[in-house]
Amino acid sequence: MAKANVKMADIAQALGVSTVAVSKALAGQKGVSEELRERIKRTAEEMGYRSPKVLRQVKYKSGFNIGVLICERYVGTSEAFYWKLYQELTAQAMKRDCFVLLELLTETDMNRMQMPKLVTENKADGVIIIGKPANHYASILRKNWNRPVLYLDFYEDDLDADAVISNGFFGMYALTNYLYECGHRKIGYVGTLSATDSIADRYFGFCKSMMSHGLSVRPEWVLDDRDLETGMDVPIAFPEDGPTAYVCNCDYHAARAVRELQEKGIRVPEDVSIVGFDDYIYPGLCDKGITTYSANVPEMASVAMRMMIARLSGEAGRTGLQVTDGELVIRDTVRKLDL
């Protein structure tokens, strides 16, 4: 178990070496062998040693280096929402005199369970992961690293992990309710359900609204929007005899739905209504204002940064999932039907 206020003398005593040797090893100075340097570093980490610099950071809750990890598959136009989250995290860190270091996770690294350089080279005091990586990579990283790890916009099976998400379930419930209030009874869902937890959570919110109004969810109206293996877009297979409205798992795919329907000669919202989620879309993807549920990105980033700094500062507090609420934003893609 880590000892409180571990000093260099404690490490020296544990290894049977001089305090000077410990000091040189931890400072990266010459005068000790590489083998001894590694032993000293490993023992210091196991004992919970904190350098004077780190102790000053803890005291003033500032000066931390916070790593941000994003999967490469999420950094294209389709997931521009994550760039917005990253920018907000950077802004929140600056307010607290902290620094953000970004690293992209490749599919190869995740499949091989190769830990990021921010971790292996000890460049980060803690890590925030934006978007769910593949193969339980996030949980494995967290369990094998003794520094704080926080999940942003997803969660894993390790329910005691710190995580911050938007209220996808309620947001889609509210959006589907709005479609019902506008007279829609035949409603479909666009989103590959097994791709991410957020897509599934939003789908369940959609199902809850449908159920509460006595409406059936028709499996042929639940449409994939991406390939499970690669995460790349696939054409949305709109049925000929389709619904009057579609609930889309995010604004990007709502914009795709608008464009692909228009290419088929189907007008939005005159023929089919569309709603999205996030309230963020890459400029130029859609010529219509999408009715959506606005995820409160500044609040998500603020909560995540507060939790991370609290962990780095050793503050006691509740761990687990934190859910932030947003609001409906009514724009141009929903038509009210005459009942």
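The values are calculated or read from the model by the stated rules, or taken from the named source; none is laboratory data. The structure presented is a predicted model; accordingly, all values stated were derived computationally and were not measured. Ideal geometry is used to build each Cβ from the backbone, glycine not excepted, and the neighbour counts take in all protein chains shown.
Observations
- The stretch 120-141, subset surrounded by fewer than 22 Cβ atoms within 10 Å (Cβ to Cβ) and within 18 Å of the chain's Cα centre (by Cα), residue nearest to S313 (Cα to Cα): G126
- Answer from E260, E240 - the residue that is acidic (D, E) and not in a loop (DSSP other than H, G, I, E, B): E260
- Restricting attention to the stretch 158-189 and to residues that are of a type in the set (S, T, N, Q) and part of a helix (DSSP H, G or I), the residue that is surrounded by the fewest Cβ atoms within 10 Å (Cβ to Cβ) turns out to be N177.
- Options G191, G214, G168: the member that is at positive phi and under 18 Å from the mean Cα position of the chain (by Cα): G191
- Options M305, M300; residue that is among the hydrophobic types (A, V, I, L, M, F, W, C), in contact with a strand residue (DSSP E or B) (Cβ under 7 Å, 6 or more places away or on another chain) and at pLDDT 90 or above: M300
- In the stretch 263-279, the residue that is nearest to G326 (Cα to Cα) out of those that are touching a Leu at 6+ places or on another chain (Cβ under 9 Å) and part of a loop (DSSP other than H, G, I, E, B) is F277.
- Candidate set: the stretch 247-273, residues that are of a type outside the set (G, A, S) and under 25 Å from the mean Cα position of the chain (by Cα); chosen: the one farthest from I199 (Cα to Cα): R256
- Any hit, the stretch 251-269, residues being in contact (Cβ under 8 Å) with a residue 40 or more places away in the chain, within 30 Å of N135 (Cα to Cα) and among the hydrophobic types (A, V, I, L, M, F, W, C): yes
- If only residues of the stretch 195-225 that are polar (S, T, N, Q) and under 18 Å from D278 (Cβ atoms) are counted, the one that is surrounded by the fewest Cβ atoms within 10 Å (Cβ to Cβ) is T196.
- Residues of the stretch 21-36 classified as of a type outside the set (K, R) and part of a loop (DSSP other than H, G, I, E, B), total: 5
- Residue in the stretch 288-310 that is of a type in the set (V, I, T), in contact (Cβ under 8 Å) with a residue 12 or more places away in the chain, outside any loop (DSSP other than H, G, I, E, B) and farther than 25 Å from D197 by Cα present: yes
- Residue within the stretch 317-331 that is charged (D, E, K, R), in a loop (DSSP other than H, G, I, E, B) and modelled with pLDDT of 95 or more present: yes
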